[in-house]
């Protein structure tokens, strides 16, 4: 009796369910199977660069969403200079150009001994190497009165691009004439260290045009922040900072910037310096590694994922590499640029290990551009090396110098806008 | 001089108007100069102060892309030394008036940079670049291709309606009389190729009356490349001052 | 061989080994040109391919041109907005490895 292909497959699948999973999950071919979980900047870059380094390896990317919105430049969406579409990218090129299998599903568990991951709808998937790029999650319960519900309604964080970005935009536009827009900045470590200050700057610029007597207040649990020297110089030049008419007021920890509790209904934030009533409140909470990292048991006591700094292989679970914001990367900031750079190092290490080679010396970089206005950019650029399993920053690079040339901040602003396009291509296309 | 005028007149008579009309049919046509208006404004081109121009070249980061001494160290951007003042002035004005594309997109860097300048400063920059010798032959110049380009540049190709480039740009690529005929000697070949292709595709519209668009139209990629290396090879022979 | 002779020999051996490793230590391992080049790709495009108005392509660049550009940036001989800071993070051997990598890409 002839058996149809479909019936054969069905029969095999049924038999497979009875076999030990590891046997079933063994990938075809000798080149190996790499599963990547998380299709953000880290995961997408890892998939693409692994393909460039290892043409024969089977690569599967697991990501629930079918589009990705970069946090990069989402501040521009908030103030109306860009649309959500401008920061939205698909997985089409990873599929068609790089032969990466992209599965839109959620990883709900894994078995590190048998080397399988459990998908929500798609069953079990075996791997030789697993790369995870879990991103971040918000910690909601640290301050009285602030919880998930408040974060999703009256005090959005907007720290993941999408619906909250648009909510922030709506709240900004609703600030009455002469009103106050207040930001609660997060403690370190958090995603995109200059992000809060760029956002506050662009809000001030928006007010200059649409609501010139309104004010921006930043409550900060820190006494310093990245690029604070060029940021504050630019605030002086553009927004009257350090004058009685400053549009931006930055209240650091030393001046009582730490928040004690919030009253969401009244729109009041109680900080050490006193009570602040505001017409719009952007609360950016403390952060930890994304839920996935916890679910897979990859985190340390601080809520981040310790890794071998040369390969990004987890120090907790073998053959699992953790990249991006969730990883412990010492001097490297939690930025998209860092995630992209770490993804390339991890991809090369995975390709080397699968081929039986010892991974070579890693090379990493981070460049963060920030806009202080649409025509005024500043940046930080650093090169990193690994010494004794610590990522150190080489001393020579650093922050934009302050010059009196009008061309310098203007060029940085133009570079920033164009860079976003090139960078997204390096990750997704 | 006579030859130049002839070529230009001929070009304008034959196809200048047609080329412009053809281009404006594109969806995103760029604005173009009224020749009287341009002539008026270019009278200032020869009044610049080269010392002030050199200061601006560094102060405004022109040097970042066009080179410390105006010899472009990159393939993306043109060298500016030895360029004639009215061409530089016109180009800066083109950018400021939002008339230019670069690399097939609306030019952003130069458009924004030129808005930092007034016309006196533009003339100063023009005077500085004009005061310097022609760019040094770029290291990537290919002598074999240069040889091929030489014949076409000197003689053109009458059968295919290609005029001799030297008619307008000078026997040695030292430039011609109209404000839109630049010096080409020593120019970065990759930049030259890009500019010619943009003319050919009607994407660069800074030529008065569409003359370059018309001359570039029949050229093949290989011919453009040969011309690029020919003109690059005509640059100064000495090492760049560093 | 007396004990003191043997000790002297051992000492000489240790010294020689130490000296050899110290010399080797002067030339620590560097990343491959590709690994270093990948750090450029986040701005200059994957494999250095991005020919546009603001970002120069590195693919197929003349080797010496790139070496000279990086050295000039590093020494602040060439003005730039970002590159002079970045170039300070690479030593001569790394710059040459980067130049080898990009100059061979077609």
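Here are the numbers:
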| read-out | value |
| --- | --- |
| Taking A:422, B:91, B:220, A:90 and counting other C-beta atoms within 10 Å, the order from fewest to most | B:220, A:90, A:422, B:91 |
| Mean Cα-pair separation over length for segment B:143-240, i.e. relative contact order, pairs under 8 Å, 6 or more apart, % | 38 |
| Alpha-carbon centroids, segment A:153-214 and segment B:119-156: separation in whole Å | 50 |
| Peptide-level mean, for B:96-108, of C-beta atoms on other protein chains within 10 Å | 2 |
| Stokes-Einstein diffusion coefficient of the protein assembly as shown, Kirkwood radius over Cα pairs, 20 °C, 1.002 mPa s, in µm²/s | 73 |
| Tensor-based shape of segment B:108-242 (alpha-carbon gyration tensor, a/c under 1.5 rounded, otherwise prolate or oblate) | oblate |
| Computed [θ] at 222 nm, helices only, for the protein assembly as shown once each DSSP H run of length n ≥ 4 contributes -39500 (n - 2.57) | -12000 deg cm²/dmol |
| Segment A:180-239, relative contact order in percent, only Cα pairs under 8 angstrom and at least six apart counted | 49 |
| Neighbour-count ranking [beta-carbon atoms within 10 angstrom, fewest first] of C:53, A:63 | C:53, A:63 |
| Ranked by how many other beta carbons lie within 10 Å on average, peptides B:221-227, B:81-87, C:93-99 from highest | B:81-87, C:93-99, B:221-227 |
| Spacing of the two label points (7 Å from each Cα toward its C-beta) at residue A:67 and residue A:246, in nm | 4.0 |
| Segment A:146-283: proportion of alpha-carbon pairs further apart than 22 angstrom, % | 33 |
| Residues A:110, A:312 arranged by fewest to most Cβ contacts within 10 Å | A:110, A:312 |
| Whole-number percent relative contact order across segment A:146-283, with pairs defined as alpha carbons under 8 Å at least 6 apart | 30 |
| Theoretical FRET efficiency, 1/(1+(r/R0)^6), r = Cβ-Cβ of residue A:224 and residue B:58, R0 25 Å, to 0.05 | 0.15 |
| Computed lengthening from residue A:403 to residue A:233, 0.36 nm per intervening residue step minus Cα-Cα distance | 60.2 nm |
| Separation of the residue B:104 and residue B:159 label points, Cα + 7 Å toward Cβ, nm | 3.1 |
| Segment B:15-167: radius of gyration over Cα atoms, expressed as a fraction of 2.2 N^0.38 Å | 1.17 |
| Average beta-carbon neighbours from other chains, 10 Å sphere, peptide B:69-80 | 3 |
| Packing-based ranking, highest mean first, of A:36-46, B:116-126 given that Cβ atoms within 10 Å are counted | A:36-46, B:116-126 |
| Separation in nanometres of the label points that stand 7 Å from Cα toward Cβ, at residue B:41 and residue A:265 | 6.4 |
| Per-residue average of Cβ from other chains inside 10 Å of A:416-428 | 4 |
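Where a number appears in this text, it was derived from the coordinates with a stated rule and is not lab data. The shown structure was predicted, so the numbers you read here are calculated from the model rather than taken from an experiment. Cβ: placed from backbone, ideal geometry, glycine included. Neighbour counts: every protein chain shown.
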